[in-house]
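Student: I have a structure here, written as structure tokens, and I will follow up with some questions on it.
The values are calculated or read from the model by the stated rules, or taken from the named source; none is laboratory data. What you see is a predicted model, and the numbers here were worked out from it, not measured in a lab. Positions of Cβ are backbone-derived with ideal geometry, glycine not excepted, and every protein chain shown enters the neighbour counts. Please note that ligands, DNA and RNA were not included when accessible areas were found on the heavy atoms of the full protein model with its side chains. Shrake-Rupley method; radii C 1.70, N 1.55, O 1.52, S 1.80 Å.
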Amino acid sequence: MSHSVGVMYLGRLAELAPTRVLFDAPKHPYTQLLLAALPRLDRRGREKPPAPGEIPSPLDPPPGCGFHPRCPHGQARCQSERPALVPLPDGSQVACHAVQERRIPMRWHPS
Ligand code: SF4
């Protein structure tokens, strides 16, 4: 239905990608969290661990990356510096320091 998908967190784009790229290889930790929450028939009866942390108020978003209170990949930089939306070779754009620093393993990373 759509050629591209944008994922927003607290009113900001976290990831924008061609639809197939986003669902096949989600990069932003929030996108990964959302897709991990999708119901799956092969996991029926198994409990899913809740997403960590609390959702911050959009009226008083945290400094830096708005996702840092809940992010498993967050570091000190994330608490003070808002990541820019950066284009990647597969056509996606991601706002995440860990992705840009290649701290999250990705299929698209050139060797
Ligand atoms: S910028 Fe930092 S806190 Fe934000 S999503 Fe990326 S790793 Fe997590």
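Student: Sort out the exposed loop trypsin sites (Lys or Arg not before Pro) in the chain (DSSP loop, at most 13 other Cβ within 10 Å) and tell me the longest stretch that has none. It would help to have the intermediate numbers written out before the result.
Tutor: On the way: sites that count: 40, 44, 46, 102, 103, 107.
Answer from the scan: 47-101.
Student: Treat every Asp and Glu Cβ in the chain as -1 and every Lys and Arg Cβ as +1, leave all other atoms uncharged, and give the resulting dipole magnitude about the Cα centre to the nearest 20 debye.
Tutor: Values: 14 positive and 9 negative charges, 63 e Å.
Computed charge dipole of the chain: roughly 300 debye.
Student: Whole number in Å², please: accessible area per residue of the chain, 1.4 Å probe, ligands, DNA and RNA not counted.
Tutor: Numbers: 7500 Å² over 111 residues.
Per residue, the chain has an accessible area of 68 Å².
Student: Can you grab the distance from the C-alpha centre of region 1-27 to the C-alpha centre of region 48-111, Å, no decimals?
Tutor: 13 Å
Student: Right, here's the next one. Could you pull out every residue, at least 5 positions away or on a different chain, whose amide H is within less than 5 Å of the one on residue 4? Hs are placed 1.01 Å off N in the peptide plane, and Pro or chain starts have none.
Tutor: 19
Student: Can you send over the carbon and sulfur percentage of the accessible area for the chain, probe radius 1.4 Å, protein chains only? Intermediate results must be reported in sequence, preceding the final value.
Tutor: Details: 4230 of 7500 Å².
C and S atoms contribute 56 percent here.
Student: Residue by residue, what Karplus-based ³J(HN,Hα) values in Hz, rounded to whole numbers, does region 80-87 have, using 6.51, -1.76 and 1.60 with θ = phi - 60° and x for Gly and Pro?
Tutor: 3J(HN,Hα) across region 80-87, in whole Hz: 10, 10, 6, x, 7, 6, 10, x.
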